[in-house]
1. Return the pairs, sorted by first residue and then second, in which the second residue is open to solvent by 20 Å² or more (accessible area, probe 1.4 Å) and modelled with pLDDT under 70, the first residue lies in the range 312-339 and is closer than 21 Å to Tyr468 by Cβ and of a type outside the set (D, E, K, R), the beta carbons are less than 7 Å apart, and the residues are 6+ apart or on different chains.
2. Would you mind finding the one in Thr202, Thr156, Thr178 that is open to solvent by 60 Å² or more (accessible area, probe 1.4 Å), of a type in the set (Ser, Thr, Tyr) and closer than 25 Å to Lys260 by Cα?
3. Which pairs do you get when a residue that is farther than 17 Å from Met478 by Cβ, found in the range 519-540, comes within reach of a residue that is within 7 Å of the ligand (Cβ to nearest atom), reach meaning Cβ atoms under 8 angstrom, with the pair 6+ apart or on two chains?
4. Being under 21 Å from the mean Cα position of the chain (by Cα) and either of a type in the set (Val, Ile, Thr) or near the ligand (Cβ under 7 Å from one of its atoms) (or both) is the filter here; which residues of the range 500-518 pass it?
5. In the range 519-540, which residue that is more than 7 Å from the ligand (Cβ to nearest atom) and among the hydrophobic types (A, V, I, L, M, F, W, C) is farthest from Ala367 (Cα to Cα)?
6. Could you check how many residues of the range 484-499 are assigned to a loop (DSSP other than H, G, I, E, B) and closer than 22 Å to His368 by Cβ?
7. State whether the residues of the range 500-512 include one that is open to solvent by 10 Å² or more (accessible area, probe 1.4 Å), assigned to a strand (DSSP E or B) and farther than 26 Å from Arg345 by Cβ.
8. Hey, Val543 hits all of (1) surrounded by fewer than 19 Cβ atoms within 10 Å (Cβ to Cβ); (2) within 14 Å of the ligand (Cβ to nearest atom) but one; which does it fall short on?
Amino acid sequence: MDLQRTTSISSFKQETFLIEECVRKSYTQNSCEKVFCQPWQRCVKGSCRCKLPYQCPKNGTIVCTADRRAFRTYCQLKSYECQRKMSKFMHRGNCDRQETFRVVLDPENATSEGTVKVELAHSQRAFICGEEWGMQEANVACRELNFPEGADHIETIDTDNVSQPLECIKATCRGIETSLAECAISRLNQSNAKLAKVVCHTPPKECSFREFHCVNRKCIPLDKTCDGINDCGDLSDEVCCKACRSGSYHCKSDVCIPNKYLCNNERDCLTGEDESHQLCNGRLQDNEKGTEQAEESMDEERRNIKKSLPQLYCGVANRTVTRRKRILGGNTAEKDEFPWQIAIRGERERVSCGGVYIGGCWVLTAAHCVRASRTHVYKIFTGMLNSITLNEGIETFDLKRVIIHEKYNSKTYQNDIALLEMKPKDLGRCSPPNSVPVCIPWSQHMFKSGQQCKVSGWGFDEAFTRQYALKWGYIYLMENCSAIYRHRYFEGMECAGTHDGSVDSCKGDSGGPLVCFDSDNVGYLWGIVSWGENCGEKGHPGVYTKVANYFDWIGYHTGMSLITRYNL
Ligand code: ARG
């Protein structure tokens, strides 16, 4: 680890907002385990990579670059910029319009600092007003001036000696733009205007102990972390926060977003809590109405592009019944409540394990439930509620292939995960009726300890007798699994249960789903039932295979497009 980052970590003791072990992982705006990628990017192995222009949606407005070249859509231009790491955008619309919008510093011989001016058409110039001038805007201006890390700091300058009102330009940026022209721009006439000044980042610099070391090697004051403002410019000051300062909102993934992003119809938190009904009901959807500016900002164009990207249909149960908590200590499932639940029948005529439908012809289960040499013996049941009375709508499938995780260890239960490929029915398709695939979590940070989730299966109940009706129960994710199970706990496992052990999975539930829900009630397969010390014992929760750890492994076998929910 480099020395500069270590010094700033040691000063966290007086800083209560940052999570130290998270900071060490150097997350930025390009870490899709923490935030969504831009619509001109896609997530590959945890980081946002630039899309190619042809991977952009076709519809959108034409845009013109600084060198007067037209791009068919904003997304195409941004993917071009993204690849070449340069700023190009000039204005929306084609390049016939003799319109210019370019940042310059004043005085003109200034290299990295000065007051900020904008060059408009016919070599006209206007100042940027300092009133609303913030680090997000300054970062964008510096980026446009070819300082890729953005600004070191900002100042404002009084102009009280000006007699007549000064026309100046106000810019409001999201902080991810590469040129100021992409921000929301308005003209102001101010009598005692303040002017914006900026010092752009020029390396090298060492951070003091009261500063946070951004991943892009800039230094910012520690009290500017976790406030929803992207001071670093790469967002690294906002993505490892156990709490957020006033004016900002704490996502479950420990990211701080500005309050103005709440209920604006764009999902900023991975699991959507910034747009939840609970939070937004009765609130005015402020970004919906009322903002009738002359021209849409490019931020709106970005949101429209984002909306036009296809999304995977998964995790939606047609019925959700919530009854009092009473598998083991659970409730009986009803039709359409667990449309991803699969039953696996082994050699003998009974349900030997659970499984989970994830789309296409694919089912996930525990590795300890199956053996590759027995592929032809297994039968897969979809739509099953009762394994004796055999309800209507059950479909059976044979298996084509069993893929056991190559690092599965049958003694320690490490990597207890397997993929089953069903034999397609007529027309070569699987799509079982009465089934809906569950969503696969792509990030470890989507749910954390304390989260209430549902486990389901045909395993033993509290009297240790075999169940014929599908049962389910609420259990909670736990963080102290390594303290409970010591040397038996490994990376890729997760504990879940209740504090008194009253609800638990048990023998026969293995391979079945532990599903957690986002704020739209969309279900994610967080765990696969794996093992536990007895069943329903206080202090000995069930142990689950942590599916987020295996996202890339699953996608490698099934194809990423089967399991990538957003921004494919
Ligand atoms: N290994 C068991 C099975 O094959 C699952 C046990 C889960 N145990 C627990 N206490 N949660 O069915």
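The values are calculated or read from the model by the stated rules, or taken from the named source; none is laboratory data. What you see is a predicted model; the values in this text were computed from it and never measured. Cβ: placed from backbone, ideal geometry, glycine included. Neighbour counts: every protein chain shown. These accessible areas exclude ligands, DNA and RNA; they are computed on the full protein's heavy atoms, side chains included. Shrake-Rupley method; radii C 1.70, N 1.55, O 1.52, S 1.80 Å.
1. That search, which allows pairs on different chains as well, returns Asn331/Arg323.
2. On the way: Thr202 fails: closer than 25 Å to Lys260 by Cα; Thr178 fails: open to solvent by 60 Å² or more (accessible area, probe 1.4 Å).
From the options Thr202, Thr156, Thr178, the qualifying one is Thr156.
3. From the range 519-540, no pairs qualify.
4. Within the range 500-518, just Val515 meets the criteria.
5. Restricting to residues being more than 7 Å from the ligand (Cβ to nearest atom) and among the hydrophobic types (A, V, I, L, M, F, W, C), the top hit is Val522.
6. So in the range 484-499, the residues assigned to a loop (DSSP other than H, G, I, E, B) come out as 489-492, 498-499.
Filter again for closer than 22 Å to His368 by Cβ, leaving 489-492.
The qualifying residues number 4.
7. No - not one qualifying residue is present in the range 500-512.
8. (1)
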